[in-house]
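A quick write-up on the structure given underneath.
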Amino acid sequence: MTKQEYINEAESNLLHTYNRFNLVIEKGDGVYLYDTDGKKYLDFASGIAVFAFGYNNKEYNDALKEQIDKIIHTSNLFYNVPATEAAKKLTAISGMDRVFFTNSGTEAIEGAVKTARKYGYNRDGSNDHEIIAMKHSFHGRSMGALSVTGNDKYQEPFKPLIGGVKFADFNDLESVKALVNSKTIAIILEPVQGEGGIYPATKEFMEGVRKICDDNDILLIFDEIQCGMGRTGKMFAHDYYGVKPDVLTMAKALGCGIPVGAFLVNEKAAVLVPGDHGTTYGGNPLATAAVNKVLEMFEKTKVLDNVNSVSEYLESKLDELTDKYDFVKGHRGKGLMQGIIIDKPLGEIITKCIENGLIIISAGSNVLRLVPPLIITNENVDEMISILSTVLDEYK
Ligand SMILES: *Cc1c(COP(=O)(O)O)cnc(C)c1O
């Protein structure tokens, strides 16, 4: 079949919930993707911050193959070895006490929201608790996660959502304080907002929110589904701030391509008990074998050092870009999670980049989002800048 035939067939059978780019991806290798026409693309999206170690990593692929030949799934009625090992590694690197494995990010958020509700129920026996979330946040598409996602457009057609959610302004401590009352049971935020436009939290905000939670017996939930797993140059973005959450959500690069997420809790927030929560697939041996291998690769490669050195180079190149084009209004982010603010039609720019062999995505309405594999080199950065500049030159 030709590319157009694949696309036509996909569009006649898949529910049209995405306006997809005009290419059919066939395979990946390292930081490059190849489409069905054999065309090569430098990938600065990594499957939306998923492929931390790039595509077709032999060690990772072999680990999965080996697990497939043993057992893929057991259900959670039994113990299994990969989940046991993965939970131990995850608590060790995060400093959290307990893990619940999910199949996606949005399910990790559901678990965090249920944890908050149960914590409140235990706290005072009532059922009218409130959660404070942030404007421009993104936490997922299932009903609970959507309810704490600060985006009217995503929410509107699906109301009524779960009740008791209020939205504060990110990085504005006073706006959070104004919403806290005796019913408040949790505050949820992304230490670096992703989808909303790559906004890192300030230290003052993170510390202030932690204090509000401590003073009022409120759970602090950090959604590190996108900004965690080394993306920002530390294992978790909250490591930059010296502020710990009570509940931590993860997904995306946790499995590096195998669908897996997790919510982690400290002992105080370990309130869910048998009967409260469950999942058929969550934490199955295949998914957690992926987590194990990914965490092992974080330990034994110096990938965080690479993130820190390459991102320094990347940021210097983004400075140059900002100087060169007056419609490039600047950039912000941490590590290899960067946003370039562009005052020109983004969709069109992205389409042109893709035509020129660079896969790049957006965040918010005017931000180009760079979330490449964590293994990229300075040469890959040069290659990206060269293609992006070729496209931006057309708008001068
Ligand atoms: C992607 C994302 C989610 C949702 O994860 P899914 O696996 O798509 O359900 C939640 N929170 C953040 C911060 C994300 O980036």
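The values are calculated or read from the model by the stated rules, or taken from the named source; none is laboratory data. Just so it is clear, the model here is predicted, and its values are computed rather than measured. When we count neighbours, we look across all protein chains shown, and the Cβ atoms used for this are built from the backbone with ideal geometry, even at glycine. Accessible surface areas use protein heavy atoms only, side chains included; no ligands, DNA or RNA. Shrake-Rupley method; radii C 1.70, N 1.55, O 1.52, S 1.80 Å.
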Can you report the number of residues in the stretch 334-358 which are β-branched (Val, Ile, Thr), more than 16 Å from Asp319 (Cα to Cα) and open to solvent by 20 Å² or more (accessible area, probe 1.4 Å)? 1
Can Val209 be described as within 16 Å of the ligand (Cβ to nearest atom), of a type in the set (Val, Ile, Thr) and farther than 21 Å from Val31 by Cβ? no
When only residues in the stretch 48-64 that are within 16 Å of the ligand (Cβ to nearest atom) and either among the acidic types (Asp, Glu) or open to solvent by less than 30 Å² (accessible area, probe 1.4 Å) (or both) count, which is nearest to Tyr281 (Cα to Cα)? Val50
Per the filter on the stretch 29-47, residues assigned to a strand (DSSP E or B), open to solvent by less than 10 Å² (accessible area, probe 1.4 Å) and within 16 Å of Cys256 (Cβ to Cβ) are Asp43
Is it true that some residue in the stretch 65-80 is open to solvent by less than 50 Å² (accessible area, probe 1.4 Å) and within 19 Å of the chain's Cα centre (by Cα)? no
Can you tell which of Lys203, Lys183 is open to solvent by 10 Å² or more (accessible area, probe 1.4 Å), more than 19 Å from the chain's Cα centre (by Cα), at pLDDT 95 or above and within 23 Å of Glu315 (Cα to Cα)? Lys203
Based on what the data block shows, is Val291 within 15 Å of the ligand (Cβ to nearest atom) and within 22 Å of Tyr79 (Cβ to Cβ)? yes
Filtering the stretch 7-28 down to residues that are in a helix (DSSP H, G or I) and within 29 Å of the chain's Cα centre (by Cα) yields Ile7, Ala10, Glu11, Asn13
In the stretch 92-116, which residues are in contact with a Lys or Arg (Cβ under 7 Å, 6 or more places away or on another chain) and among the polar types (S, T, N, Q)? Thr106
Between Lys159, Lys166, which is open to solvent by 30 Å² or more (accessible area, probe 1.4 Å), under 22 Å from Glu207 (Cα atoms) and either charged (D, E, K, R) or touching a Lys or Arg at 6+ places or on another chain (Cβ under 6 Å) (or both)? Lys166
Going through the stretch 124-141 in order, the residues found to be in contact with a Phe, Trp or Tyr (Cβ under 6 Å, 6 or more places away or on another chain) and open to solvent by less than 50 Å² (accessible area, probe 1.4 Å) are Ala133, Met134
One residue from Pro274, Pro259, Pro245 being within 16 Å of the ligand (Cβ to nearest atom), part of a loop (DSSP other than H, G, I, E, B) and open to solvent by 10 Å² or more (accessible area, probe 1.4 Å): Pro259
Top-ranked residue in the stretch 101-123 [being open to solvent by 50 Å² or more (accessible area, probe 1.4 Å) and more than 16 Å from the chain's Cα centre (by Cα); ranked as nearest to the ligand (Cβ to nearest atom)]: Lys114
Any residue at all in the stretch 7-28 that is modelled with pLDDT of 95 or more, open to solvent by less than 40 Å² (accessible area, probe 1.4 Å) and touching a Pro at 6+ places or on another chain (Cβ under 8 Å)? no
Single residue of Ala52, Ala87 found to be in a helix (DSSP H, G or I) and not basic (Lys, Arg): Ala87
Name the single residue that is farthest from the ligand (Cβ to nearest atom) among those in the stretch 31-47 being under 18 Å from Thr351 (Cα atoms), in contact (Cβ under 8 Å) with a residue 40 or more places away in the chain and touching a strand residue (DSSP E or B) at 6+ places or on another chain (Cβ under 7 Å). Lys40
